[in-house]
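Since the structure comes first, as C-alpha cells, the remarks are kept for the end.
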Amino acid sequence: MTEEAIDTRIVPTMSDTLPEGEVERITTDLIGALKTVYDPEIPVDIYELGLIYRVDLDDNRNLTIDMTLTAPGCPVAGEMPGWVENAARSVEGIQDVTVNMVFDPPWDATRMSEEAQVALNWW
C-alpha cells in the first residue's frame, strides 16, 4: 500500500501479511485516536500539528510511533508519549504500542496541516 493511500503526513511501514482492509481500518482508527491528543499550549491536535513523524505496524499488530514536540523544552514532554500510547492502544486490534520521541528533523510550522493553520490563524 502506498503512503498516499493512507495519509501523506504519516509515513507508514506496515505488514505485508495483514489484509489491506484491516490495515486501512487500523490506520483510520489510529488517526482518529491521535486526533484526541492535544498539546495543552496549542488548541490543535498533535496529528494536525504534524508531530507524528512515522508509524510502523508489524505482522503481530504492534505499533511503533515516532513523534516529536513543537519544542524540546515542552512542559509535557515527559507525559505526551504516554498520552499517544494510550490513544493508540484504544484502536481495536492493536496488540502493543511503543512511542519514540525524536527531534530530528526538528519540528517546524510547515509540518502543520491546512486545518491546523486555519485553527491557529496562520493562513
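The values are calculated or read from the model by the stated rules, or taken from the named source; none is laboratory data. Fair warning: this is a prediction, and the values are worked out from it, not measured in the lab. Glycine gets a Cβ as well: all are built from the backbone with ideal geometry, and neighbour counts include every protein chain shown.
Values for this structure:
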| read-out | value |
| --- | --- |
| Residue tally, condition within 23 Å of R61 (Cβ to Cβ), of a type in the set (V, I, T) and not in a loop (DSSP other than H, G, I, E, B), over the range 90-123 | 3 |
| Count of residues meeting criterion [more than 16 Å from I42 (Cα to Cα) and modelled with pLDDT of 95 or more] in the range 72-83 | 2 |
| Single unsatisfied condition, M14 versus (1) buried (at least 18 other Cβ atoms within 10 Å of the Cβ); (2) over 14 Å from the mean Cα position of the chain (by Cα); (3) modelled with pLDDT of 95 or more | (3) |
| Those residues of the range 45-67 which are of a type in the set (S, T, Y) and more than 13 Å from L34 (Cα to Cα), in sequence order | T64 |
| Qualifying residue in the range 47-65 (condition: crowded, with 21+ Cβ neighbours inside 10 Å, charged (D, E, K, R) and in contact (Cβ under 8 Å) with a residue 60 or more places away in the chain) | yes |
